[in-house]
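Visitor: Following this message is one structure expressed as C-alpha cells.
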Amino acid sequence: MKQRALSRTWLKVFLFLVVLGGLTQLFSIIARQRSHEKNGNYWPYFFEELPENSVDVIYMGSSHSNSTFIPEIIDDILDIRSIHVNTSGESIYQTALEYEEVLRHQDPRAVVIETYPIYDGLSQQELKPWNYSFFFAVPSPLRRMAYAHRFLSMENLVYFYLPYTIFHANWKEPADVAERVIAAAVSAGGGADTLELPHQGYFNYMESLLPIGWGGEPKPAPETCGIPDLPQRLEKTAEIIALDLENPAELLFVEAPQLVNDFAACREEVMRGVQALGGEYLTLLEDQSRARLWFGDHEHMTQFGALIASVELAERLAERLDLTVDAEALAFYRSYFFRDYTISRNSGQVSVQLIPYDEESASNLYFTWSLFQGEQQLDQAEGINQSQMTFTLPEPEGVYTLQVNIYNLDGSYNLRGIFNVPQDQGKGSAE
C-alpha cells in the first residue's frame, strides 16, 4: 500500500511538472512575440527567413545603427544586398555574442558595427524585454542557453527561463494576456512564413528637431570620458576583432553622426584602441556641421540625415570592398540632400523652407506638403521644386505639424519628414 501511495505521489509530481512545463512554454510565446515585435523582428527574420550566405553586408549595433544606415540606398548604389540585425540599447557585451552567432549563418563581404555599443548600452540592471530577442531567436537551444549564461545576470536568467513573469507580461490585465497568447499561437502556426522585414531593418525617425531659436540650444557634450568600464568594453571589442581575423569578412567600426556626442571625450581612446588591435574605425560626416533637420533627437538621425550618411557609407564600402559605384544612382540620391530648414509662424500663417545642397540637382524633386492638427489633415499642397511652402492656420493658437513627402521624378525613392510648428509667435531659423 505504501509503495502504491508513493507511486501515486510521484505520478502527481510528474504530471504537475508536465503541466507546469506546458504552461511555461505556452506563456513563453507572449514573451518571445513581444520581444521580437518591439525589436522589429530582426533576429527571427535573420535566423528563420533569410537564406544562409545570401547577404553581402550586415549592419550591427543599437538603434544608432538602424536609424542611420538605409540598406535600400546602399544596395542600389553598390548592387549588393545588406541587412540590419540590431537590438535597441545593446552594449558591446551583447554585440560580441551576436557577432559570433551571425558568422555562423552568413558569409558576408563586410560587417559594419556601429560604435555606440562600445560607449553605451543598457547595463544588466537596465535590460528591457526586447534585449532578450536575440537569445530567444537563436536556432540552437544549446547555444541559446550558452549565450544567455555568458551574458545575463542571475536575475536576468530567471527572466530568460521563466519569460511569463511580470517582466514580460501585464498580469494586471489577464484578459489582455490571454488574447496575446492566442494571437501569438495563431501567428506561430500560420503566419511565420509570410514575415517581411521592411527596408531590411532600417528604422525611420520622421520628426526633425526644431531649429535653434525655437527648440533651444542642446546641452554641450561632457568634457571628460565618463565610461567607468571602458577597459572592459575595449576587451570585448578585442574579442570581436580576434574573431574577425578568423573570417574573410571585412570588419568596420563606424561611428554614426550625432547632434551632440555625449562620449566625444572618449573617442580618441576608443579609436586608438580599435586601431591598435588592427581594426578600422570610421566616422561619418566628420567634416560637416550638424543640421537639426537631420536629427529626431540629439542622438538619432531622421531620414534626411540618414540618407546623407548612407550615401557616404556606400562610398566608403566601395573603397574597402573594391565595389563599383553606380554613378547614376549616386547622383540620384544626392539630389535629395538638404543642408537645413527654416520655419516661421506669424499672423496665423506658418512658412517652412527646406534648403538643398544643390538647387539645380534638387530642381527635379516633387514635394507634397500636408498640414495636420493632431491626426486630422487640414490642408495639402504639392508641386515640382516646391521646397518652400506657406499655410494659413485655422486657429492661431492651435498645435500643428507639417508633413512632407519628396520624390525625384527620375526614380521612386520617397524622402519623408515631419516638422513641429512652433507655438511661439515670431520667426526662427536654423544656424
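The values are calculated or read from the model by the stated rules, or taken from the named source; none is laboratory data. Fair warning: this is a prediction, and the values are worked out from it, not measured in the lab. A quick note on method: Cβ atoms are made from the backbone with ideal geometry, for glycine too, and the neighbour counts reach across all protein chains shown.
Visitor: Restricting attention to segment 105-131, and to residues there that are farther than 22 Å from GLU235 by Cβ and touching a Ser or Thr at 6+ places or on another chain (Cβ under 9 Å), which single residue is surrounded by the fewest Cβ atoms within 10 Å (Cβ to Cβ)? Walk me through it before giving the result.
Guide: At the first step, the residues of segment 105-131 found to be farther than 22 Å from GLU235 by Cβ are 105-110, 128-130.
With the extra rule that they be touching a Ser or Thr at 6+ places or on another chain (Cβ under 9 Å), the set shrinks to 106, 108, 110, 128-130.
Details: GLN106: 20, PRO108: 23, ALA110: 18, LYS128: 15, PRO129: 18, TRP130: 19.
Top of the filtered list is LYS128.
Visitor: State all residues of segment 211-259 that are within 20 Å of LEU284 (Cβ to Cβ), charged (D, E, K, R) and crowded, with 20+ Cβ neighbours inside 10 Å; if no residue qualifies, say none.
Guide: GLU255
Visitor: If you don't mind, another one. Going through segment 365-401 one residue at a time, which ones are of a type in the set (Phe, Trp, Tyr) and more than 17 Å from ILE343 (Cβ to Cβ)?
Guide: The answer is TYR366, and nothing else.
Visitor: Residues that are hydrophobic (A, V, I, L, M, F, W, C): list the helices (runs of 4 or more DSSP H) wholly contained in segment 59-125 that include at least 1 such residues.
Guide: Values: elements: 63-66, 71-78, 92-105, 116-119.
Counting at least 1 such residues, we get 71-78, 92-105, 116-119.
Visitor: Kindly indicate whether any position in segment 314-326 is modelled with pLDDT of 95 or more, among the small types (Gly, Ala, Ser) and buried (at least 21 other Cβ atoms within 10 Å of the Cβ).
Guide: yes
Visitor: Within the bounds of segment 119-128, is there any residue that is under 27 Å from SER54 (Cβ atoms) and of a type in the set (Phe, Trp, Tyr)?
Guide: No, because not a single residue in segment 119-128 is under 27 Å from SER54 (Cβ atoms) and of a type in the set (Phe, Trp, Tyr).
Visitor: Checking ASP287 against (1) within 25 Å of the chain's Cα centre (by Cα); (2) at pLDDT 95 or above; (3) surrounded by fewer than 18 Cβ atoms within 10 Å (Cβ to Cβ); (4) more than 26 Å from ILE241 (Cα to Cα), only one condition comes out false. Which one?
Guide: (2)
Visitor: If you don't mind, there's one more thing I want to ask. Does GLN386 satisfy the condition of being at pLDDT 95 or above, surrounded by 14 or more Cβ atoms within 10 Å (Cβ to Cβ) and of a type outside the set (A, V, I, L, M, F, W, C)? Full working, then the answer.
Guide: Working: at pLDDT 95 or above: no; surrounded by 14 or more Cβ atoms within 10 Å (Cβ to Cβ): yes; of a type outside the set (A, V, I, L, M, F, W, C): yes.
Spelling it out, it is not the case that GLN386 is at pLDDT 95 or above, surrounded by 14 or more Cβ atoms within 10 Å (Cβ to Cβ) and of a type outside the set (A, V, I, L, M, F, W, C).
Visitor: Quick check on ASP287: is it in a loop (DSSP other than H, G, I, E, B) and more than 30 Å from GLN403 (Cβ to Cβ)? Please lay out each step first, then the result.
Guide: Details: in a loop (DSSP other than H, G, I, E, B): yes; more than 30 Å from GLN403 (Cβ to Cβ): yes.
The answer is yes for ASP287.
Visitor: Among the residues of segment 33-70, how many are buried (at least 19 other Cβ atoms within 10 Å of the Cβ), of a type in the set (S, T, N, Q) and more than 18 Å from the chain's Cα centre (by Cα)?
Guide: Matching residues across segment 33-70 total 1.
Visitor: Inspect segment 40-48 for any residue being assigned by TED's automatic domain parsing to the domain that holds SER123, outside any loop (DSSP other than H, G, I, E, B), closer than 21 Å to TYR205 by Cβ and free of Cβ contacts under 8 Å to residues at least 24 places away in the same chain and give the result as yes or no.
Guide: no
Visitor: Sticking with this structure for a sec: If you go through segment 84-95, how many residues are surrounded by fewer than 24 Cβ atoms within 10 Å (Cβ to Cβ) and over 12 Å from PHE134 (Cα atoms)?
Guide: Adding up the residues that qualify gives 2.
Visitor: With (1) closer than 24 Å to ASN66 by Cβ; (2) at pLDDT 90 or above; (3) not in a loop (DSSP other than H, G, I, E, B) as the list, and ALA192 as the residue in question, which single condition is left unmet?
Guide: (2)
Visitor: Now for a different question. Filter segment 322-359 down to residues that are acidic (Asp, Glu), in contact (Cβ under 8 Å) with a residue 12 or more places away in the chain and in a loop (DSSP other than H, G, I, E, B) and give me whichever is farthest from TYR400 (Cα to Cα).
Guide: Per the criteria, the residue is ASP326.
Visitor: Would you confirm, using the coordinates I've provided, whether SER310 is assigned to a helix (DSSP H, G or I) and either within 29 Å of ILE240 (Cα to Cα) or in contact (Cβ under 8 Å) with a residue 12 or more places away in the chain (or both)?
Guide: Yes; evaluated as a whole, the condition is true for this residue.
Visitor: Go through the residues of segment 397-419 one by one and say whether even a single one is more than 31 Å from the chain's Cα centre (by Cα) and either modelled with pLDDT under 95 or under 30 Å from ILE77 (Cβ atoms) (or both).
Guide: yes
Visitor: Out of the residues in segment 363-383 meeting the condition of being small (Gly, Ala, Ser) and either in contact with a Ser or Thr (Cβ under 6 Å, 6 or more places away or on another chain) or surrounded by fewer than 12 Cβ atoms within 10 Å (Cβ to Cβ) (or both), tell me which one is modelled with the lowest pLDDT.
Guide: Of all residues in segment 363-383, those small (Gly, Ala, Ser) come to 363, 370, 374, 381, 383.
Then keep just the ones that are either in contact with a Ser or Thr (Cβ under 6 Å, 6 or more places away or on another chain) or surrounded by fewer than 12 Cβ atoms within 10 Å (Cβ to Cβ) (or both); that gives 374, 383.
Details: GLY374: 89, GLY383: 94.
Once the filter is applied, the top-ranked residue is GLY374.
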